[in-house]
There are 4 protein chains.
Amino acid sequence: MSSKFLSLNQEKQERILNAALKEFAQKGYENASTNEIVKSAEISKGLLFHYFNNKKELYLFLYNHFVEVLMEEFFNELDFSERDIFERLKSLMILKSKLMIRHPEVFDFMMSASMEASEEVKEAMNSTNTELMEASYGRLFENIDLTKFQEGMDIQRTINIIMWTLKGFSNQEQEKAKKLHKGLHDFNDAFKEAEVYIDMLRKSFYKNQ
Amino acid sequence: MSSKFLSLNQEKQERILNAALKEFAQKGYENASTNEIVKSAEISKGLLFHYFNNKKELYLFLYNHFVEVLMEEFFNELDFSERDIFERLKSLMILKSKLMIRHPEVFDFMMSASMEASEEVKEAMNSTNTELMEASYGRLFENIDLTKFQEGMDIQRTINIIMWTLKGFSNQEQEKAKKLHKGLHDFNDAFKEAEVYIDMLRKSFYKNQ
Amino acid sequence: MSSKFLSLNQEKQERILNAALKEFAQKGYENASTNEIVKSAEISKGLLFHYFNNKKELYLFLYNHFVEVLMEEFFNELDFSERDIFERLKSLMILKSKLMIRHPEVFDFMMSASMEASEEVKEAMNSTNTELMEASYGRLFENIDLTKFQEGMDIQRTINIIMWTLKGFSNQEQEKAKKLHKGLHDFNDAFKEAEVYIDMLRKSFYKNQ
Amino acid sequence: MSSKFLSLNQEKQERILNAALKEFAQKGYENASTNEIVKSAEISKGLLFHYFNNKKELYLFLYNHFVEVLMEEFFNELDFSERDIFERLKSLMILKSKLMIRHPEVFDFMMSASMEASEEVKEAMNSTNTELMEASYGRLFENIDLTKFQEGMDIQRTINIIMWTLKGFSNQEQEKAKKLHKGLHDFNDAFKEAEVYIDMLRKSFYKNQ
DNA sequence: TATGAATGAGGATTCATTCAT
DNA sequence: TATGAATGAATCCTCATTCAT
């Protein structure tokens, strides 16, 4: 259904995607206005509904499209030869920051999408979401050097603790940034603080070195 | 302005609160319909605005009201004489589960409120939010027995790791429950799993015992 | 129907009248809110409708009441022994200014009433209006010294020209005052200017003196 | 924003303009109902707001549009070669009557607009109003033959007296017409009466001829 | 492909008025 | 007399979607 859209000249495609991205990111699914989207994309009302039959399909197309785009960049640029889990997660964090700087609107949209309230759209999102996202989540821990962990550790649960810690830290930083109205506040400071947590986890879960 | 409302007979108060709670929880602030609320509360359109001058005040009243209600139950029922942080957090989790069973709609609402996108309402929420909530968050760790932690540990950051882990776990369980369309899936299993994580953290952060 | 109201203690009567006066003056008949009136009069909703069955009756009561009040003050304080029409009109203008200073809100209300758009109320107003007002208008020219006018003048039409001139001048001054946001701008200047017009009219319409 | 509207087929434009004209003329700005307008124009609710973003813009469009229309007709049809002020004002009155017969609803609207109470709309009206209207008012007295006035007369004030007289007369005639529920009562009688006043003024202000 | 006029249900809110107490 | 809770029609305006061109 969106094949029509994909055979449109690049420039117009982008105008439409960006307009929709911003509108949905700012206002959420239900509150976003297709009116505003066509206005800022400088296309006609009818055309939007010619390409995407309705608001929902437009939203899901955006979501799937940018999940793919981000995922691809992630896995192209992430170094999977590094077998130490903490080093790999460190470069993951750095990469994430780079991507946030490269495509801030896309991240805004993905964030707002992940908190979307509208039932109508949440269901449909999850199906594609889980397929792709959870698969990729697994890849993050492929070929990790498990010998570094202390004997007898429950690896899967340990990895969960590590990931939850980093996610918690990341959320905390985002909250701070929001309060200070800085889009992306001093990255170096944040990264140093992240390293402190990573060192704590390393000491706790790795063998004495 | 909501004092009018509070001097209303209990039964009608509850009809209105429940109707609003459900509508806001399901659809978020902007998308919730005051029309639906009055219909399901079986009151007239005018009456809702007689009590709460507008949608925003209704929302904020609900939020503040239920924050207070939950906080009170929390701190009345939580055992602060227990000085072991893990034991205290275990009883916190049990208490939380009890409260979720006791007031499921309230929890749905608080969850949706915490992710509310609407700028209009977020600001006003935060002022009361932070005052009360953050104060209470601090109380959770009052009078904790710090001598049990390994020598030289960074206590504050360690507590963060613990909290982020429990939060991550809790979110994971909620996701699972949502997928299985169980409002509250088998609590015992979940609690046993939580205990596993808690034991892992205890082993990692406490002195050898 | 308003006899009930008149047997109310003075202070409450005035609170109600003033509240209604201000609200109607500011917003006009249709747009005025009985809600605001009862709030600022500090009485209950029901009481207002107990005294005046509906908004329209309240409005008409106000109108008739204050027409009477103003008329009485006018004719009590106007010097009818002065037989020169221009002198009499001069003292009329001075008296009008005094009354505007004495009861500014009443004048605001009467002004807004005279421009009232609502058909519903305009009709009912006119009936009382014409009875009283037009009668009084006639009295202004009772016992005027007609011998001072040039021979052969059409007295009635000459008086019309005089009145229309003074009304036109008065409107012009009010416009100016409104533009400068002065409630009542320098009265002395305005009065001197009025005297210039009066002198012009006197020279034109009176015999050479 | 109203350019959309202007590129609409004539017949629909007129249906909308007439519907709005009547509603606003009858009830004033605040009390006019956009619902009634769309009903009587036989268009959908949405369409009105597609053309004019809101009630205020619709009102101001109407006002500006018809001020322009009337002004143009006025100055196209008024004879500025006539240098006698009274003759010029006579043809002005005749022209005004013609236009009132040609566009009675427009005059009703302009009258109600000139007495509009709503602050919201008065401000915005005045800016365009004064620019155009006051400029045109000046043109009425361009190239008038001043030599006809008596020596030593204060010309500006004399013109004021003349204009206020004609305006007063005109208002009086309108009041009469309204009372008799004739839209436009016998024009010839009224004009003859106007001529009497004009002759009186001429005799008073011109040199003996 | 592309336009944008047209729809009408639905949004929050205000209002004069009633009536049980 | 006096209260104020309760009503529901009416207010302006926005929205996603359709369709003739």
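The values are calculated or read from the model by the stated rules, or taken from the named source; none is laboratory data. Because the structure is predicted, anything quoted here is derived from the model rather than measured. Virtual Cβ from ideal backbone geometry, glycine too; neighbours counted across all protein chains shown. For the accessible areas, the whole protein counts, side chains as well, though only heavy atoms, and no ligand, DNA or RNA atoms are used. Shrake-Rupley method; radii C 1.70, N 1.55, O 1.52, S 1.80 Å.
Numbers at a glance
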{"read-out": "Top-ranked residue in segment B:24-41 [being modelled with pLDDT of 95 or more and of a type in the set (D, E, K, R); ranked as farthest from DNA strand E (Cβ to nearest atom)]", "value": "B:Lys39"}
{"read-out": "Among (1) more than 9 Å from chain C (Cβ to nearest Cβ); (2) at pLDDT 90 or above; (3) open to solvent by less than 50 Å² (accessible area, probe 1.4 Å), the one test that D:Lys207 misses", "value": "(3)"}
{"read-out": "Residue match in segment A:77-89 (condition: open to solvent by less than 40 Å² (accessible area, probe 1.4 Å), touching a Lys or Arg at 6+ places or on another chain (Cβ under 7 Å) and not acidic (Asp, Glu))", "value": "yes"}
{"read-out": "Residue, nearest to DNA strand F (Cβ to nearest atom), within segment C:51-60, restricted to residues that are closer than 25 Å to C:Met115 by Cβ and part of a helix (DSSP H, G or I)", "value": "C:Lys55"}
{"read-out": "B:Met93 vs. criteria closer than 24 Å to B:Glu57 by Cβ and touching a residue at least 12 places away in the same chain (Cβ under 8 Å)", "value": "no"}
{"read-out": "Residue in segment A:93-116 that is nearest to B:Ala117 (Cα to Cα), counting only those that are open to solvent by 40 Å² or more (accessible area, probe 1.4 Å) and within 14 Å of chain B (Cβ to nearest Cβ)", "value": "A:Met115"}
{"read-out": "Of all residues in segment D:52-70 being within 16 Å of DNA strand E (Cβ to nearest atom) and open to solvent by 20 Å² or more (accessible area, probe 1.4 Å), the one that is nearest to the other protein chains (Cβ to nearest Cβ)", "value": "D:Asn53"}
{"read-out": "Segment B:186-200 - residue that is within 16 Å of B:Ile161 (Cα to Cα) and among the acidic types (Asp, Glu) and, of those, farthest from the other protein chains (Cβ to nearest Cβ)", "value": "B:Glu195"}
{"read-out": "Filter result for the condition that a residue is in contact (Cβ under 8 Å) with a residue 12 or more places away in the chain, away from DNA strand F (no atom under 16 Å from the Cβ) and within 14 Å of another protein chain (Cβ to nearest Cβ), over A:Glu142, A:Glu73, A:Glu151", "value": "A:Glu151"}
{"read-out": "Selection status of D:Met110, under 14 Å from the mean Cα position of the chain (by Cα) and farther than 27 Å from D:Arg202 by Cβ", "value": "yes"}
{"read-out": "Residues (outside any loop (DSSP other than H, G, I, E, B) and surrounded by 13 or more Cβ atoms within 10 Å (Cβ to Cβ)) located in segment B:149-166", "value": "B:Phe149, B:Ile155, B:Arg157, B:Thr158, B:Ile159, B:Asn160, B:Ile161, B:Ile162, B:Met163, B:Trp164, B:Thr165, B:Leu166"}
{"read-out": "Qualifying residue in segment D:127-134 (condition: within 16 Å of DNA strand F (Cβ to nearest atom), among the small types (Gly, Ala, Ser) and open to solvent by less than 70 Å² (accessible area, probe 1.4 Å))", "value": "no"}
{"read-out": "Residues of segment A:20-50 that turn out to be away from DNA strand F (no atom under 11 Å from the Cβ), open to solvent by 10 Å² or more (accessible area, probe 1.4 Å) and either in a helix (DSSP H, G or I) or without any contact (Cβ under 8 Å) to a residue 12 or more places away in the chain (or both), as a count", "value": "4"}
{"read-out": "Test result for A:Glu14, in a loop (DSSP other than H, G, I, E, B) and more than 16 Å from DNA strand F (Cβ to nearest atom)", "value": "no"}
{"read-out": "Filter result (touching a residue at least 12 places away in the same chain (Cβ under 8 Å) and either among the β-branched types (Val, Ile, Thr) or open to solvent by 70 Å² or more (accessible area, probe 1.4 Å) (or both)) within segment A:1-14", "value": "A:Met1, A:Lys4"}
